[in-house]
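Report on the following structure.
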Amino acid sequence: MSLLKARNGQPTSYPIERRGEHACLLCALLWLMVFVPRADATEYELADVIVTATLQPIAALELPGSITALDTRTLQEAGQQHLQDVLALIPNLNWAGDTSRPRYFQIRGIGELEQYQGAPNPSIGFLIDDIDFSGLGSAATLFDINQVDVLRGPQGTRYGANALGGLIYVSSQAPSPEWGGQIDVSSGDYNTQSIGAVLTGPADGLNSSFRLAAQHSTSNGFYSNAFLNRNNTNNRDEGTLRARWRYQPSDQLRVDVTLLHVQIDNGYDAFSPSQNRITYSNQPGVDQQHSTGVSIHTDYSGLTGLTLTTIATYAKTQVKYGYDGDWGNTLYWAPYTDNFTELQLRDRETSSIEIRLASNHSDTLSWLIGGYGQQLKEALSDTSQGYSNDPVNGPYAQDSVLTSDYHVNAFALFGVLDGRLTNRWQWSAGLRGEYRRSHYDDLTQDVIELANSTSHFNPTDTLWGGHLSLTTHLTSAAMIYTVLTRGYKASGFNLSQGIPSDQLLFKPEADWGLESGYKAAWWNHQLHLTADVFALSRSDAQIKNSYQSDPNNPNTFVYYTGNARIGFNEGAEASIDWQMMDRLSVGAAAGWLHTSFHNFTLIGAQTGDSVSRALAHAPSWQGAIHATFKDPRGAFARLDVTGMGAYYFDLPPNDTRSTPYALINAKVGFETPHWSVYLWGRNLTNKDYAIRGFYFGLIPPTYPAQLYTQLGDPRTLGISVQGRFGGR
């Protein structure tokens, strides 16, 4: 993450897909780039995207590392309501279902699939306007968002323990010094409705400007509950309120204050014994997240030769998550009786302070030093209830409550040096040291057995990470880079009921990554190319697995984390963006990935037995192609085709896999400076595809283990209208 002002450069694309049709597609794109006659190269240019997820802003084409930056235009043209809509555009990024919206992400195969119990221990950092929402991705609605930056690979220097696999940074639109506003209204099938409004303008007497944004969106959620005769048990009800204030009395001082409230009141009824969009639960689940946060970001360059940056944040989140444990009702399971429920109430508070002092740009040497502190508190109440009765297994009852309190204090010091060896060769070195101290207490009350149990943990970790990069500028608009990174993740503990005592604790993880890439801007920025290859070696890799202690009780299906001795992730990524002419732009992105872990011991395995396999939710390939047409008179059209290869749903003993799929999204409309209207369609072929899969016993009386999947969104069609006045 260079602090020097590098020369413009960008990516090259080459075939990386193992399947013939994908290789042919990329070859065709390269042929077009080389042989198709070019228009005047000075007439149509792609804008440089500035990345703000790094320690200092830098152009995406100058960053010595793998990044995808989705700008305002891309988010508006390819997205609809939530970050979920555009994730398929990002190579080697996947997400796990098991919630109504993506909450957990995997980058290059690393990341959590869920969190039911225990302490939050994210592998993928997730920030919205500097506010930490790691593991709480449901808050990522897209209304009035400016940019999404995805940094792939260990971010040991930038964000430490919470960014082992990468970092996702979402930034909202900034206040405008001119009066302006916007109103958005959308309507579609499945009772999809949304309305949003923006107001921005100056406060001249205060040397500042402000921006207010509000949106509310609803949908019935694509499922029908046959038992309750309702079509909204999996509904979406999502609201966003955001206020931003920018104080800038001079060129030397800028203060940005952001207030955010996101209220997700979604249902959760997405699994069916019949494996379709008809559910039979008598107690449908819920997936609510209410998050309120504030950030204060200050930049002051009035010091001689120095810039001081401070970032203070606070966030409070309440999560209510529950599901029908048997996915049915007494009539559905008759003559057997199965009736199980799970309900979790989670209350999390995070506060952080970060201070950076950086030297001003120099052609010889630049530096940055900083300190970071974070406090996280989380309280959890997890209630598992249910009963079953049948002639084969007899009666069974469960009624237990787990209550826990967890808090962690993390402190880090970091520094970066950037320099030039020659006019063409540039280097960067960064180091971060982090100390983490945690405290955990819980109480499990078994109402049936009238028994209580407690757990207490106080782990501490001293961790370090960093990076070392070398960049060669081939021309003023092309570069090759190589970067060595070290990432880390803190130790932790398992709290799921029924976990053996020797599996309660797991060790910290340390990863070494090596990446080399090419970035270039061709034809005066009419064409942008990026490509990279990477390899990651994991030591004491933290692997999450499942375990069902009682085959007759689906609520005893729990998760735990253990350490595999080693793990390896390697692959490649490439992207291309081409402004072919003033009316037409095309682009593509692709990722290839191979993962493995070795020597992981399963619960219940014989002594010395271990497993080795690929990671879950790590598809071997991903790809996206898009084309956008814009007529100067206002006509607009965009087509997106995205695809993904097969991946394991979970770890052994679950060896079930998804099937490859491709989705088609489109949007057409008419745009003017003051209003726009769009017709849009998502998943136009109405493809059934899985976003999560479980392999366990559900059906009485023998409860045979089999695969159950949660389906992604079906085909949806709708219309959107926007009205604008004044500035942006």
Next item on the list: May I ask you to say which residue of Asp363, Asp326, Asp338 is closer than 25 Å to Leu306 by Cβ and charged (D, E, K, R)?
Entry: Asp363
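So that you can scan it fast, the table gives a plain yes or no per residue for (1) crowded, with 20+ Cβ neighbours inside 10 Å; (2) under 26 Å from Phe126 (Cβ atoms); (3) in contact with a Gly (Cβ under 7 Å, 6 or more places away or on another chain):
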| site | (1), (2), (3) |
| --- | --- |
| Ile353 | no, yes, yes |
| Arg356 | yes, yes, yes |
| Thr383 | no, no, no |
| Val392 | no, no, no |
| Trp427 | no, no, yes |
| Tyr435 | no, yes, no |
Notebook entry, point to check: On the given criteria, is Phe649 crowded, with 17+ Cβ neighbours inside 10 Å, more than 30 Å from Ser187 (Cβ to Cβ) and over 20 Å from the mean Cα position of the chain (by Cα)?
Noted result: no
Next item on the list: Could you tell me whether the range 301-308 includes any residue that is surrounded by 16 or more Cβ atoms within 10 Å (Cβ to Cβ) and either modelled with pLDDT of 95 or more or more than 30 Å from Gln283 (Cβ to Cβ) (or both)?
Entry: yes
Check: Out of all the residues in the range 493-539, which are at pLDDT below 95, among the acidic types (Asp, Glu) and closer than 30 Å to Ser585 by Cα?
Finding: none
Checklist line | Matching residues in the range 260-293 - criterion: being within 23 Å of the chain's Cα centre (by Cα), hydroxyl-bearing (Ser, Thr, Tyr) and within 18 Å of Asp713 (Cβ to Cβ) | finding: Tyr268
Next item on the list: Quick one: in the range 691-728, of everything that is assigned to a loop (DSSP other than H, G, I, E, B) and among the basic types (Lys, Arg), which residue is farthest from the chain's Cα centre (by Cα)?
Entry: Arg728
Notebook entry, point to check: Can you find a residue in the range 597-620 that is at positive phi, assigned to a strand (DSSP E or B) and among the polar types (S, T, N, Q)?
Noted result: yes
Item checked: Members of the range 173-202 found to be surrounded by 18 or more Cβ atoms within 10 Å (Cβ to Cβ) and more than 26 Å from Ile719 (Cβ to Cβ), listed by number -> Pro175, Ser176, Gly201
Next item on the list: Find all pairs meeting these conditions: Cβ atoms under 8 angstrom apart; at least six residues apart or on different chains; first residue within the range 698-726 and closer than 16 Å to Arg277 by Cα; second residue polar (S, T, N, Q) and in a strand (DSSP E or B).
Entry: Thr716/Thr192
Note to self: Whether any residue in the range 482-495 is surrounded by fewer than 20 Cβ atoms within 10 Å (Cβ to Cβ), in contact with a Leu (Cβ under 8 Å, 6 or more places away or on another chain) and farther than 30 Å from Ser384 by Cα is what I want to check.
What the structure shows: yes
Note to self: Which of the strands (runs of 3 or more DSSP E) found entirely inside the range 445-533 contain at least 2 residues meeting this: in contact with a helix residue (DSSP H, G or I) (Cβ under 8 Å, 6 or more places away or on another chain) and under 30 Å from Ile67 (Cβ atoms)?
What the structure shows: 460-475, 478-489, 509-522
Margin query: Looking for something among the β-branched types (Val, Ile, Thr), at pLDDT 95 or above and in contact with a His (Cβ under 9 Å, 6 or more places away or on another chain) - is there at least one such residue anywhere in the range 209-220?
Written below: no
Item checked: Some residue of the range 125-144 being in a strand (DSSP E or B), closer than 29 Å to Arg356 by Cα and free of Cβ contacts under 8 Å to residues at least 60 places away in the same chain -> yes
Note to self: Given (1) surrounded by 19 or more Cβ atoms within 10 Å (Cβ to Cβ); (2) over 26 Å from Leu241 (Cβ atoms); (3) out of contact with any Gly (no Cβ under 8 Å at 6 or more places or on another chain), identify the lone condition not met by Asp269.
What the structure shows: (3)
Checklist line | Residue under evaluation Leu253, criteria (1) under 28 Å from Gly325 (Cα atoms); (2) aliphatic (A, V, I, L, M); (3) surrounded by fewer than 17 Cβ atoms within 10 Å (Cβ to Cβ), criterion not met | finding: (1)
Margin query: Among the residues of the range 394-419, what is the count of those that are surrounded by fewer than 20 Cβ atoms within 10 Å (Cβ to Cβ), touching a residue at least 40 places away in the same chain (Cβ under 8 Å) and either of a type in the set (A, V, I, L, M) or closer than 20 Å to Thr157 by Cα (or both)?
Written below: 7
Notebook entry, point to check: Do we find a residue being out of contact with any Asp or Glu (no Cβ under 7 Å at 6 or more places or on another chain), of a type in the set (Ser, Thr, Tyr), surrounded by 15 or more Cβ atoms within 10 Å (Cβ to Cβ) and over 30 Å from Pro335 (Cα atoms) anywhere in the range 632-642?
Noted result: yes
Checklist line | Unmet criterion (only one of (1) modelled with pLDDT under 95; (2) at negative phi; (3) crowded, with 21+ Cβ neighbours inside 10 Å) for Arg236 | finding: (1)
Checklist line | Filter pass, Leu684 being touching a strand residue (DSSP E or B) at 6+ places or on another chain (Cβ under 6 Å), without any contact (Cβ under 8 Å) to a residue 40 or more places away in the chain and within 20 Å of Gln84 (Cα to Cα) | finding: yes
Margin query: From the list Trp327, Trp333, exactly one residue is over 25 Å from Ile691 (Cα atoms) and not aliphatic (A, V, I, L, M). Which is it?
Written below: Trp333
Checklist line | One residue from Ala358, Ala397 being of a type in the set (A, V, I, L, M), modelled with pLDDT of 90 or more and either within 28 Å of the chain's Cα centre (by Cα) or assigned to a strand (DSSP E or B) (or both) | finding: Ala358
Check: Residue check: is Ile603 β-branched (Val, Ile, Thr) and within 27 Å of the chain's Cα centre (by Cα)?
Finding: no
Notebook entry, point to check: Residue check: is Gln155 closer than 23 Å to Gly373 by Cβ and either in contact with a helix residue (DSSP H, G or I) (Cβ under 9 Å, 6 or more places away or on another chain) or surrounded by fewer than 23 Cβ atoms within 10 Å (Cβ to Cβ) (or both)?
Noted result: yes
Note to self: So Ser476 ticks every box in (1) on the phi < 0 side of the Ramachandran plot; (2) touching a residue at least 60 places away in the same chain (Cβ under 8 Å); (3) surrounded by 19 or more Cβ atoms within 10 Å (Cβ to Cβ) but one. Which box is left unticked?
What the structure shows: (3)
Item checked: Residue match in the range 687-708 (condition: among the aliphatic types (A, V, I, L, M) and touching a Lys or Arg at 6+ places or on another chain (Cβ under 7 Å)) -> no
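The values are calculated or read from the model by the stated rules, or taken from the named source; none is laboratory data. Quick caveat: nothing in here was measured; it's all calculated off a predicted structure. Heads up, the Cβs are rebuilt from the backbone with ideal geometry, glycines too, and the neighbour counts pull from every protein chain shown.
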